[in-house]
Structures are given as C-alpha cells and as structure tokens.
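The values are calculated or read from the model by the stated rules, or taken from the named source; none is laboratory data. Keep in mind that this is a model prediction, so the values were computed, not measured. Note: ideal-geometry Cβ built from the backbone for every residue, glycine included; neighbour counts use all protein chains shown. Accessible surface areas use protein heavy atoms only, side chains included; no ligands, DNA or RNA. Shrake-Rupley method; radii C 1.70, N 1.55, O 1.52, S 1.80 Å.
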Amino acid sequence: MKPMTSAAIRESFLEFFAQRGHTRVPSSSLVPGNDPTLLFANSGMVPFKDTFLGLEQRPYRRAVTAQKCLRVSGKHNDLEEVGPSPRHHTFFEMLGNFSFGDYFKADAIPMAWTLLTDVFALPVERLWFTVFQGNERVAADEDAAARWVAAGADPQRVLRFGEKDNFWVMADTGPCGPCSEITMYIGDDLQAMHAGGVNSDDPDYVEIWNNVFMQFERSTMQPLPRPSVDTGMGLERMAMVLQGVRSTYETDLFVPIIERTIGLLGSDPAHYQAHRAAYRAIADHSRAVAFLIADGVLPGNTGRSYVLRRILRRAVYQGRSIGFEQPFFADVVATVIDRMSPVYPDLERRRQFILDATDAEEQQFRSTLSGGVVRLNAVIAQARQQARAHIAGDDAFMLKDTYGFPLDLTQRIAADAGMQVDEAGYEAAMAAQRQRSRAATRFKRGGDLDAWSDHDLPATRFVGYEALHASARVLALVVNGDRVSEAVAGQSVQIVLDVTPFYAESGGQIGDAGVLSAEACQVAVHDAQRPVPGVIVHDAEVRSGVVRIGASVDAAVTAQTRRATMRNHTATHLMHRALRDVLGEHAAQAGSLVSPERLRFDFTHHRPVTAEQLRDIEQRVNDWVRDDEPVSWRELPYQAALDAGALALFGEKYGDRVRMVTVGDAATARSRELCGGTHVARTGEIGAFRIIAESSVAAGVRRIEALTGSGADAFDQSQGSTLRELAARLGVAPGALVDRVEALAAELRQQQRTIDALHARLAAGTVETLLEAVREHAGVRYIAAHAGAADATRLRELGDRLRDRLGSGVIVLASAHDERAQVLVMVTRDLTAQGVHAGQLVRTLAAIVGGSGGGRPEMAQAGGREPGRIAEALAGVPDAIASQRR
C-alpha cells in the first residue's frame, strides 16, 4: 500500500473530527495575539488558552486544527538539537482536537482509537498507551486505562507513569489534569519490543499523540465543573511513522527541501550523508524562516526578531560549512513556499517579500561572516596561548556586537576547536550593553494591570461606537494599586464602570479622554485601557468632590479629540490600501499609532518609499476623501470576513466573531479590514490628508507619519508660509525657488571641490611628516599624533592615507574639534589576525579624554569631553598596544 502523504495525513485528521461535530479552525499566527507570556505559539492549544481559562467564549464547543508551532526558546529550546537529531525541529505542525466542556474521556479515547487503527491503519500490535499512575493528591487514571482496553487495546500495553510523564499543567493556577500518550514501536524486531522502551530515549519508540484531560483546578485540585480535552499530534512524527522511515527528515515534508539544497550546491547523496546535520538544519530552518516572515516577523536584535535572525544566520553558516560560497538560502525558502502554500496561502501571497527579507539578511550576515570567523580564530589562538580552554564572555559578546554572531554560532565554532564559551560572562556583557524590552504590565500613569484579573468584574458594555455620552454606575475604584470604596479630590484613580463610551486603547488607537460628572464629583479621564478581556479601566484624576463605588455618573468623551482620532483612523485604513496598491501586497501593517494629533503607520517594505510613490499614495487617499464614500461596519464570523476580502493583521488575536470596517460601497469597497476602532461615517469628514515624514524603524520596516483635517490644513499653511519666506530671502518668485536653490547648490559644490583639493595637498605633506615619526613597541609599529582641529571625516581621510603607506602597524590620530576630543584608531589586517583590536584600543584611549567609543577590529572612533587630555591619551598608546599583545 502506498504510504500516506503528509497532506493526506493532515486532511484525514481534520476531516475525521469535522465529521464528528468539530469546527475546523484555521491555524492562528505563530505570533500569539495578546499573550505577552509567549514569544511564539508552541502548541496547538495556544489559540484556545483564554477559552480553557474561561476568559472568552466561542460559538462552538468542539474544534479541530492544524496549528503552526515554533519551539526555539525557554522551556522548549530545541534549536541546538536541530540537525544532529533525526527528529527535532524548530517549526512544526500540531494536529489537535479540542473539547471545551463538551465531551471527555468516554468519547475522546474511542475516537482516538478509531482514527489510529481504522483511518491511519496503524498495527495494533505496535501501539502502547500510557496513563497517570496517581499520587497523594490525584487518584490513578484507571478510567482512561479502562477505556483504552474497552476500545481494543491489550491491557498489557496500557502502562502507568507518574506526574512527570502523564500529568499536564498550564500554570500554577488554571486547568490541569492527567494525560494519556500513544507510543508506537517502529523497530524491525517485534520480539524485541518491551514496555521499558516507552518514555525512554530508545529511538525505536516514538510518541505520536498526547491526549490531555483537563479535569482539575491547579491551585485547589478540585474537579472542574466542565472538564475539557486538548490533544496534540505532531504531523512530522506521524508522517515518519506512516511513511515507514526512521527520521522525520526522510518524509515528504523535508525530502524536497533537502533535494533542492543538494541541487543548488551541485553535490550528491554521498555528500549529503557525510553532512546530514547541516542539510537537515538548513531544511528545518527554511521552514521556520518562511513562516515567521509570512506572519510578520522580521530579523532584528530583540525578541521574536532576534530569534528569527538566529535561525536564519544559523542556516547560512551551516550552508557555508558544506560549501555554499554565494547566497543560497532564499532559493531554499522558495521551495518551502512552493510546497506549503496550498495549505497556507499567506506564503504565496507574501512570496516576494519573504524571499527579499531572507536574501537581505543573508547578504548582511555574509558581509561580516568572513571577518568574524577570522576574528574568532584569533580569539581561539589567543586563548590557547594563555592555556585557557574557554573563550571569554566579553569576546563572545564582541563577536555578536561587531559581526552579528549569535552566541550559539560562536559556541559551535568554539566546540569544533575543542573550547567552551563563558556563557555567564557573555550574559553579563549583554546586560551591560542594553536593557531588554519587556511587556508593559502597568498603566502609563500607574496601576498594576495584573491586579484587575483578581477583581471578578463583569464585562464593561461599550457604547462608544454609537454615542459619546452614557449614564453609568461606578463598579470599582483602585488608588495606588489598592481597591478602595471612594476617591477624593486630587487623587489619581482607576475606575471601572458598568457601561462606557470611552474607547480603550487597542489596535494602535489611543484611549479616549473626557470627564465623569455627578453632583458629588468631577473626574477627568486621561486614558482608557483594557487590562483583562472585557473590562475597561479609566485612568483618571478626581478634580473635585468624592467619587464612590455605586455612584451614578455621566460619562462624556471629549468630542473634538474623538472626532480627530476617527478621521486619523479611517485615513489609516485608506493609506494602508494605497500603500498596497502602490508598493505591492507585501506592504502589510507592522504597527500603528492613531491619536487626535496625527497618525503613524509602520509597514513591511525593504527600501525607502520614493518621493513619487509618496505623492501617488497621498493623491489616492485624497481622491477617496473627496469621493465622500460611506464607511460602515458589521459583525460577522471571522472566516466569513476573510472570505469577503477583509485584511487581518499579523499577530493580532481575533475571536470567532469580528468587526469588519468597510470603506466604500459593499460591491466596490476601497478597503475592508478587521478593526475594533472608531471611524468617521463618510470619507469626506477626513477633510484632507498630508504625509509629513517617511523613515526606517527597523530592517524591512518603514514608517509613514501623516496628518488629516485641521492638522493637514495647518501643515499646508506652514509649508506655504515657509516657501514664501524663502523665496523672499532669495529674491525670486516662489515658482523660481527650485532653480535658484539648484544654482546655489552648484556653487557650493564647486567651492567644496576647491576646499577638498587644498585639504588633500595639506594632508599629503602631513602624511610624510607623520611617517617619519613611526615608533615601535611590543613588536608593533605605530603612529600616535595630534592632528590639530580636523573633524572626524578629515581624521579618517588622513588615517586611510597613513595606513596605505605604513604597511603594518597601528595608527592613532586625535584632534580637538568643536570643544570635543576626537580619537581615531586603525589597525592593519595582519595585526587584527594576531588579536590587536581597534575597537578595544579606542575604548581604552577614550576613557582618558572623558568619553567612550568602539568599532571594528580594523577601524574605530571615539569622542570625549576633555580635549585638554589628548596628549595624555596619545602617551598611553604604547601601553594600550602592549596589553593586547600579552
């Protein structure tokens, strides 16, 4: 019988449960929406976490998914195993069926048995089943054991294990319960099969499915009123089992990628067998990179972006180790898109952007990789000379900071040389260099958001779409983190109402401001937030009187600021559509700010937006504004909104019912987006739209800032006034201003060329003078000289001339410019290979002149506040060189 393909396995699983009343739920993004505790979705239940915790309700009680997952950090750190291990992966697909208080073991276990033995036709004689053996708090799960036997399992194949293997916990509180795992024996000799292989490291025993039975509350271990089921089956492992191979990399999920890599390199199966770990890592990492970028993550230096950078650069280094001398990885990623886009169409929709981002990161890494390897080899050589078996943490950090080497790459190269890396020292250097970004857990003006989850408050009814005023009742007051019964004049307070017109900050739109008023009090509301699902908290200050629990108040949003915010929010949607029309569909939202004063929009794009493109985008938006088209919204099922063409933002968490905002008539809509924000009724209310800035905020992410309404009018007036004033000062009509400026610029360029020629003649004489003053210390020739009042550019030009003539040595030049000290250090390549580092030298010298600096091994610069100590710094050059030669 022909083995089942991975596509057939995925579809068979989904269809099996769909036929049994489960709703097929599409995979959520790898970036968990509204969950700061996770970098990535690492299991199939992540999208349903709030459902299991009782924080959200879904219109169904049974679900089945094929969820994209990534495990690379924290508890599930699989990255270092990827490649050497035949079954470890970063990206994988988790098949799962879920019951939210619907069915339990009596239904879950028979369904699992039928799927495994009938649909997948797994040989029963090779299957093993494990259940929880019990402890002092929870009885043994004999119910699950009995149901496996009743389904058809041999009682001898139902094994009992402890809490480590067969009890699932989400956190210190919340649902937990026993789990039952299915293991399959894939060895050749059935006679050799034995119970001891289950839950062991024996590769002949493969865990293929885990059924979690959530039936207790963790903190009390009391039974839950509605027990639930969460299961997880790794598609890659099930494909391995059903396709009769010993490694997941031999399945149809990976073989085409590996074959493509072999073809790109021009190697052969023998080369693959000799370097399997590298080929496997490239194949695995190509999948992770494709899906991460498709889900809106781009390479960077923090958080998720840094994880992507590590994975991508690890793949590039692995490719270099097997012979790739030119960029190759984007071609491998293209194979992933070809193979996986029928199931995950976002891959095809964002194909070019994914490939461009991949290639740009590989090119950037390759530009520093060779130099970094040379520098690392010098560090290793120096460590050996000093009889050390490890690389210092500072050196490992320097390799990351200067060459972009992730720690694990340095560790790998060091391990090949028989050395370890001082990881603690590296972490200490990292901590000193930068403060890691952390998710905000407090209000901007104080107040512990986590505390609100303990208040057991009903959901706030939001009426702000229809009205800016509402009569409300005070349900809760918090002052300085403590729940109080009243707050008096002068106190800052967080207030929860039963109903509110105040929009809580979300989706880039800031929270509303306004007032709460009653006979007994006047309260100014500065902001509104939603710290826990459903509850809107008003950040406020009591201006007069006393506000008390239970008091009736009139809640009023400041109309002028809300309307300005609405103009900017609708304009943001129009600009998003225009960006995609002009730049391409890859220009997806990567962040936004919508305030009354302005709008800011971050989007994925790899190059600056040209002036012509900006004019086109601005013109399109203004045309749509003048068309005065209707803006409408309605609630509908999530999938129905997507089918209608609505844009869903990467990383956002959506419920099963969503709010779709449409600009234009239903049949010819300009824009459709899933959005919970507030909007104008017609585009004409926006008035005018002006782009005021375009810039880069990160690799592959651009930012546009814009104004609407009266803000755009004021900007136009200011620009016109400036234009008229410039024309008057230059003595021309406004229409002739550009020609006049171009003429002046040409004159300046000619004058600058004359100045540069004079500087060059002067520098030539200076070079000869300095070359006559070359000295030697610790076996190194060096020049240490005061270069007068030269600026940083002149210092570099003089340094380049000296380096070209010196041949081998260290050049240290200093100058006093604009009441600051400037220090330049250059080191010839032969000395950098011996461990002399310009960045470390300049750091030492900069400290003497009251400053700091750094740079590459070959060239570094620094500035300081004390130019009067330049002579002292230059005198310290010999000792600084000698310290690196020890």
Inset, instruction - Could you tell me whether the range 438-452 includes any residue that is crowded, with 17+ Cβ neighbours inside 10 Å, modelled with pLDDT of 75 or more, in contact with an Asp or Glu (Cβ under 6 Å, 6 or more places away or on another chain) and not β-branched (Val, Ile, Thr)? - result: no
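Okay, residues lined up against (1) open to solvent by 80 Å² or more (accessible area, probe 1.4 Å); (2) at pLDDT below 80; (3) of a type outside the set (S, T, N, Q):
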position	(1), (2), (3)
GLN433	yes, yes, no
ASP456	yes, yes, yes
SER471	yes, no, no
VAL484	no, no, yes
Legend entry - Meets criteria (outside any strand (DSSP E or B) and free of Cβ contacts under 8 Å to residues at least 40 places away in the same chain) for ALA693: no
Inset, instruction - Residue by residue through the range 358-412, note down the ones that are on the phi > 0 side of the Ramachandran plot and open to solvent by less than 60 Å² (accessible area, probe 1.4 Å). - result: GLY404
Legend entry - Residue identified as more than 30 Å from ALA873 (Cβ to Cβ) and among the small types (Gly, Ala, Ser) among GLY687, GLY788: GLY687
Inset, instruction - Out of the residues in the range 854-868 that are surrounded by fewer than 20 Cβ atoms within 10 Å (Cβ to Cβ) and touching a helix residue (DSSP H, G or I) at 6+ places or on another chain (Cβ under 7 Å), state the one that is nearest to LEU369 (Cα to Cα). - result: ARG856
Inset, instruction - Could you list all residues from the range 664-693 that are more than 32 Å from the chain's Cα centre (by Cα) and farther than 30 Å from GLN639 by Cβ? - result: GLY684, GLU685, ILE686, GLY687, ALA688
Legend entry - LEU190 being touching a Lys or Arg at 6+ places or on another chain (Cβ under 8 Å), of a type in the set (A, V, I, L, M, F, W, C) and open to solvent by less than 30 Å² (accessible area, probe 1.4 Å): no
Inset, instruction - Sort through ASP102, ASP118 and tell me the only one that's open to solvent by 30 Å² or more (accessible area, probe 1.4 Å) and under 36 Å from the mean Cα position of the chain (by Cα). - result: ASP102
Legend entry - When residues of the range 558-599 are limited to those that are out of contact with any Lys or Arg (no Cβ under 8 Å at 6 or more places or on another chain) and among the charged types (D, E, K, R), the one surrounded by the most Cβ atoms within 10 Å (Cβ to Cβ): ARG567
Inset, instruction - Being outside any loop (DSSP other than H, G, I, E, B), open to solvent by 10 Å² or more (accessible area, probe 1.4 Å) and β-branched (Val, Ile, Thr) is the filter here, so list the residues in the range 280-309 that pass it. - result: VAL307
Inset, instruction - Could you pull out the residue among ALA712, ALA641, ALA728 that is in a helix (DSSP H, G or I), closer than 21 Å to GLU585 by Cβ and small (Gly, Ala, Ser)? - result: ALA641
Inset, instruction - Scan the range 337-357 for residues that are open to solvent by less than 40 Å² (accessible area, probe 1.4 Å) and free of Cβ contacts under 8 Å to residues at least 24 places away in the same chain and jot them down. - result: SER341
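Which one of ALA108, ALA63 is farther than 27 Å from PHE161 by Cβ and among the small types (Gly, Ala, Ser)?
ALA63
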Legend entry - Scan of the range 802-814 for residues that are buried (at least 20 other Cβ atoms within 10 Å of the Cβ), over 42 Å from the mean Cα position of the chain (by Cα) and modelled with pLDDT of 90 or more, ordered by number: GLY809
Inset, instruction - Give me a count of the residues in the range 262-279 that are open to solvent by 40 Å² or more (accessible area, probe 1.4 Å) and aromatic (Phe, Trp, Tyr). - result: 0
Inset, instruction - Using the structure shown, decide if ARG237 is over 25 Å from GLU136 (Cα atoms) and touching a residue at least 60 places away in the same chain (Cβ under 8 Å). - result: yes
Inset, instruction - Considering every residue within the range 46-64, establish whether at least one is over 30 Å from LEU409 (Cα atoms), assigned to a loop (DSSP other than H, G, I, E, B) and free of Cβ contacts under 8 Å to residues at least 40 places away in the same chain. - result: yes
Inset, instruction - Tally the residues that are in contact with a Gly (Cβ under 8 Å, 6 or more places away or on another chain) and either open to solvent by 30 Å² or more (accessible area, probe 1.4 Å) or within 27 Å of PHE291 (Cβ to Cβ) (or both), restricting the search to the range 670-680. - result: 5
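Checking the condition hydrophobic (A, V, I, L, M, F, W, C), open to solvent by 20 Å² or more (accessible area, probe 1.4 Å) and either modelled with pLDDT of 90 or more or assigned to a loop (DSSP other than H, G, I, E, B) (or both), which residue from ALA871, ALA846 passes?
Values: ALA846 fails: open to solvent by 20 Å² or more (accessible area, probe 1.4 Å).
Only one candidate qualifies: ALA871.
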Inset, instruction - Go through the range 629-654 and count every residue that is touching a residue at least 12 places away in the same chain (Cβ under 8 Å), open to solvent by 60 Å² or more (accessible area, probe 1.4 Å) and of a type in the set (D, E, K, R). - result: 3
Inset, instruction - Residues that are under 18 Å from GLU125 (Cβ atoms): find the strands (runs of 3 or more DSSP E) completely inside the range 157-269 holding 2 or more of those. - result: 158-161, 175-185, 205-217
Inset, instruction - Could you list, in sequence order, all residues of the range 701-717 that are open to solvent by less than 60 Å² (accessible area, probe 1.4 Å) and over 20 Å from HIS573 (Cβ atoms)? - result: ALA714, PHE715, ASP716
Inset, instruction - Scan the range 730-752 for residues that are exposed (fewer than 11 other Cβ atoms within 10 Å of the Cβ), within 15 Å of GLY720 (Cα to Cα) and within 47 Å of the chain's Cα centre (by Cα) and jot them down. - result: VAL738
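Scanning the range 383-407 for residues that are charged (D, E, K, R) and within 17 Å of ARG314 (Cα to Cα), which turns out modelled with the highest pLDDT?
My answer is LYS400.
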Legend entry - Residue in the range 127-136 that is modelled with pLDDT under 95, open to solvent by less than 50 Å² (accessible area, probe 1.4 Å), touching an Asp or Glu at 6+ places or on another chain (Cβ under 8 Å) and part of a helix (DSSP H, G or I) present: no
Inset, instruction - Tell me which of these ASN166 doesn't satisfy, since it passes every other one: (1) in contact with a Pro (Cβ under 8 Å, 6 or more places away or on another chain); (2) under 30 Å from MET340 (Cβ atoms). - result: (2)
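For the range 310-336, which residues satisfy the criterion of being more than 22 Å from ALA699 (Cα to Cα) and crowded, with 17+ Cβ neighbours inside 10 Å?
Across the range 310-336, the qualifying residues are GLN318, GLY319, ARG320, ILE322, PHE324, THR335, VAL336.
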Legend entry - Matching residues in the range 685-700 - criterion: being surrounded by 15 or more Cβ atoms within 10 Å (Cβ to Cβ) and among the small types (Gly, Ala, Ser): GLY687, ALA688, ALA698, ALA699, GLY700
